[in-house]
Amino acid sequence: MKRQLVLFLFLCGGLLKLYAVDKGVLRISTDATDLILRVAANGRLYQSYLGPRLLNESDMQHFPASTRSGSGESISKQGWEAYPASGMEDYFEPALGVIHHDGNMTTLLKYISSGTREINENVSETWVQLRDEVYPVEVKLYYRAFHKENVIKTWTEISHKEKKPVTLFRYASAMLYFESPHYYLTEFSGDWAKEVGMSVQELQFGKKIIDTKLGSRAAMHVSPFFQLGFGQPVTETQGTVLLGTLGWTGNFRFTFEVDNAGNLRVISGINPYASHYELKPGELFKTPEFIFTLSEKGCGEASRNLHDWARCYQIKDGMADRLTLLNNWESTGFDFNEEKLLALMQQAKHLGVDLFLLDDGWFGNNYPRNNDKAGLGDWEPMHDKLPDGIGALVNGAEKAGVKFGIWIEPEMVNPKSDLFQKHPDWVIHQPDREAYYFRNQLVLDLSNPKVQDYVYGIVDKLMTEHPEIAFFKWDCNSPITNIYSPYLKEKQSQLYVDHVRGIYRVLERIQVKYPHLPMMLCAGGGGRCDYEALKYFTEFWPSDNTDPVERLFIQWGFSQFFPSKTLCAHVTGWGKQPLKFRTDVAMMGKLGFDINITDLNDAEQAFCRGAVVNFNRLKPVILGGDLFRLVSPYEAEHAALMYVSKEKKKAVLYAYTIHPRFGEKLFPVRLQGLDPGCRYKVEEINLMPGQKSKFSENGKVFSGDYLMKVGLPVFTTQSTTSHIIEITSE
Ligand code: DGJ
């Protein structure tokens, strides 16, 4: 009887497995892309396809259950395992690595179940549960598909029921595979004041890793996003491309590995460097989200997809308006007092911007913040500079008729501060070694809940005492140095991960209490810029470098992934180029100013005021329209791009001449995204008072067809000149 029961159960198991294999096709679709996973006869899960969406459901049957076996036995026999673990038959970089409670380092995941739910008519979510048959380790893969925007975000949950904790040494968010004769990677790297330099390389056999180990100002040298071109380098308008980015405000790692058969695997996630993670039984390790979009029409379309998705689903108040502002950092640095600030508020009003933003240097008494050597951590207004406190500034702004915003750097501390004297145990540093400082400061230990409370309290106190504060600039100037958490004690290898989770806990609390408070993310310029942080920030500061020529490149780079309403662009004195050129570059992002207006003559002041009026009028197109990058500064001595409203009734064209060559032939710029059948009037805006437009087609009417096929002569033979053309359908 017992034997019969065993046989019965075995047969049932077999049938269930067969069922899983037979029906085991998981199709994750957007309107334009299919990601197809299959459960093979061995019970494991494989990626069968990632590419343009297939028309016929019946074609699913053609995908073999285990695919891409490569050349004979030389690569993994089973092909593209969706989330391969380490130690068994896969010869390349794994997604998951576990040291089990008994020290065993092998894991092999098999399919258990899966499901799909419709979140709304545009968003669906598929999950797949996998489990090791020998060790009770479980992995759940999530894929959320945004149909119209053609974006998929994917993340992983890892848990187990072993007797004792296990150690995770790999914990990728996602693993994706590709097959193409050539792979071209575009990376975005640089340094302070030269962020997101775009460079392209062909991937060959072996691994290319893009990663950071900087901890807090994590993206100082390289950003958490990349582009892949298949068969050819990425272009704007044609070719198959993937744009991928990780939502993680800390150490990240992308591994691109071409195997012996020429397949490419892309592994995205937290950088496991110095970050073995101890997972207790029943505890859940949730990875950050990897977000990607595929396009058959180049990166222009892919960027627009990401922009639409980000505004609609990801960014704090992504569909809402943005505030123009006057900041004081470039004009005063630390050298200001109440009187100076009140005068700047009047200037802000005169300019017509919405807000005055007070930057660094307003706090610290025992250790006054008169330079970057002291005071960080002591968030009390400095009596010497601001005898009447923040209240006087808030009132001053109200009287001037502008809103008031304030700078903080709440995750950091100068050793010369009351905070450090009182709570050295709240600071990431090595008690027994000489400290290494970056900008004279150290990073607070956000893995410690008490520190989280303290950081949350900085914002909460300011907001409670001055509910009129309408904006925060949240800076983060130092990477983590001297890595040691007094709080985590013997679990030091969890600091990089738990620190970032601690930041999110703080930001989440702020978001709950102040859901629509606009906040700018900044890290000594663009050292932090990812889609998880942007859930809590309305915008970010791409770079301290506001030289407009440099900004053309920096904003070009960030625009690949982020919509213009997140890119703060200020008119400053950097570069000393003509004011019009500086302003025209800033106007392609979220416009702001950081200059002393009294340094400008009357005509220049009038020009700036006019620019603000134009920007406000065109904001829906500039910040909410579709971006078409037309001429890349990387390829010419010129640059051009345009925004087109969703209904194609209005567009704004920006054309910049950087440094033309002698006798250079100038080509017209062909526009994109217009309605070919529509007629459009083209008018130059943002002219200096009294300046006559040199744009030869000014005021004329053209069909969209003509503008897109023939184009407009908008480049000049003069260095650092620019045109902004407003395009209006008749
Ligand atoms: C770095 C930022 O990028 C600047 O804009 C400014 O806020 C300084 N920090 C202030 O210290």
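The values are calculated or read from the model by the stated rules, or taken from the named source; none is laboratory data. Everything numeric here is computed off the predicted structure, so don't read it as measured data. Note that we place each Cβ from the backbone using ideal geometry, even for glycine, and neighbour counts take in every protein chain shown.
Some notes on this structure:
- No other residue among 660, 633 is assigned to a loop (DSSP other than H, G, I, E, B) and either out of contact with any strand residue (DSSP E or B) (no Cβ under 7 Å at 6 or more places or on another chain) or more than 18 Å from residue 564 (Cβ to Cβ) (or both) apart from 660.
- Selection of first residues in region 524-550 that are free of Cβ contacts under 8 Å to residues at least 60 places away in the same chain and of second residues that are within 12 Å of the ligand (Cβ to nearest atom) and among the small types (Gly, Ala, Ser), restricted to Cβ pairs under 9 Å at least 6 apart or on distinct chains, gives the following pairs, ordered by first then second residue: 540/523; 540/526; 547/193.
- Residue that is farthest from the chain's Cα centre (by Cα), among those in region 484-528 that are aromatic (Phe, Trp, Tyr) and surrounded by fewer than 24 Cβ atoms within 10 Å (Cβ to Cβ): 487
- Residue match in region 209-224 (condition: without any contact (Cβ under 8 Å) to a residue 60 or more places away in the chain, part of a strand (DSSP E or B) and surrounded by fewer than 18 Cβ atoms within 10 Å (Cβ to Cβ)): yes
- Members of region 622-641 found to be out of contact with any helix residue (DSSP H, G or I) (no Cβ under 8 Å at 6 or more places or on another chain) and either farther than 18 Å from residue 555 by Cβ or crowded, with 21+ Cβ neighbours inside 10 Å (or both), listed by number: 625, 630, 638, 640
- Selection status of residue 166, crowded, with 18+ Cβ neighbours inside 10 Å, within 21 Å of the chain's Cα centre (by Cα) and among the aliphatic types (A, V, I, L, M): no
- Flag for residue 722 being polar (S, T, N, Q), in contact with a Lys or Arg (Cβ under 8 Å, 6 or more places away or on another chain) and surrounded by fewer than 20 Cβ atoms within 10 Å (Cβ to Cβ): no
- With respect to the conditions (1) in contact with a Pro (Cβ under 9 Å, 6 or more places away or on another chain); (2) within 30 Å of residue 503 (Cα to Cα), residue 163 lacks only one, and its number is (2).
- Unique residue being acidic (Asp, Glu), touching a Ser or Thr at 6+ places or on another chain (Cβ under 7 Å), at pLDDT 95 or above and not in a strand (DSSP E or B) when the list is 460, 498: 498
- Among the residues listed as 296, 289, the single one being closer than 30 Å to residue 563 by Cα and either in contact with a Cys (Cβ under 8 Å, 6 or more places away or on another chain) or crowded, with 19+ Cβ neighbours inside 10 Å (or both): 289
- Verdict on residue 135 being surrounded by 18 or more Cβ atoms within 10 Å (Cβ to Cβ) and part of a strand (DSSP E or B): no
- Of everything in region 552-575 that is under 12 Å from the mean Cα position of the chain (by Cα) and part of a loop (DSSP other than H, G, I, E, B), the residue that is nearest to the ligand (Cβ to nearest atom) is 562.
- For region 308-341, the tally of residues that are of a type in the set (A, V, I, L, M) and on the phi > 0 side of the Ramachandran plot stands at 0.
Quick grid of which residues meet (1) modelled with pLDDT of 95 or more; (2) over 22 Å from residue 150 (Cα atoms); (3) of a type in the set (Ser, Thr, Tyr):
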{"site": "30", "(1), (2), (3)": "yes, no, yes"}
{"site": "40", "(1), (2), (3)": "no, yes, no"}
{"site": "75", "(1), (2), (3)": "no, yes, no"}
{"site": "85", "(1), (2), (3)": "yes, yes, no"}
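- Selected residue (criterion: farthest from the ligand (Cβ to nearest atom)) from residues of region 535-551 that are crowded, with 22+ Cβ neighbours inside 10 Å and either among the acidic types (Asp, Glu) or assigned to a helix (DSSP H, G or I) (or both): 548
- From the list 425, 432, 418, the one residue that fits, being acidic (Asp, Glu), at pLDDT 95 or above and farther than 28 Å from residue 394 by Cα, is 425.
- For region 314-324, the condition holds for no residue, the condition being that it is in a helix (DSSP H, G or I), β-branched (Val, Ile, Thr) and either within 16 Å of the ligand (Cβ to nearest atom) or in contact with an Asp or Glu (Cβ under 9 Å, 6 or more places away or on another chain) (or both).
- Filtering region 390-434 to residues that are touching a strand residue (DSSP E or B) at 6+ places or on another chain (Cβ under 7 Å) and more than 21 Å from residue 519 (Cβ to Cβ) leaves 414, 415, 419, 420, 426, 427, 428, 429.
- Checking every residue in region 362-385 against the condition of being out of contact with any Leu (no Cβ under 7 Å at 6 or more places or on another chain) and within 30 Å of residue 147 (Cα to Cα) gives zero matches.
- Unmet criterion (only one of (1) crowded, with 18+ Cβ neighbours inside 10 Å; (2) modelled with pLDDT of 95 or more) for residue 481: (2)
- Of all residues making up region 473-499, the number that are within 16 Å of the ligand (Cβ to nearest atom), out of contact with any Lys or Arg (no Cβ under 6 Å at 6 or more places or on another chain) and either closer than 20 Å to residue 271 by Cα or not acidic (Asp, Glu) (or both): 2
- Residue that is nearest to the ligand (Cβ to nearest atom) [pool: residues in region 506-534 that are over 30 Å from residue 719 (Cα atoms) and in a strand (DSSP E or B)]: 523
- Single residue of 540, 438 found to be aromatic (Phe, Trp, Tyr) and within 18 Å of residue 316 (Cβ to Cβ): 540
- Against the test of being modelled with pLDDT under 95 and under 26 Å from residue 638 (Cβ atoms), the options 580, 565, 576 yield a single qualifying residue, 576.
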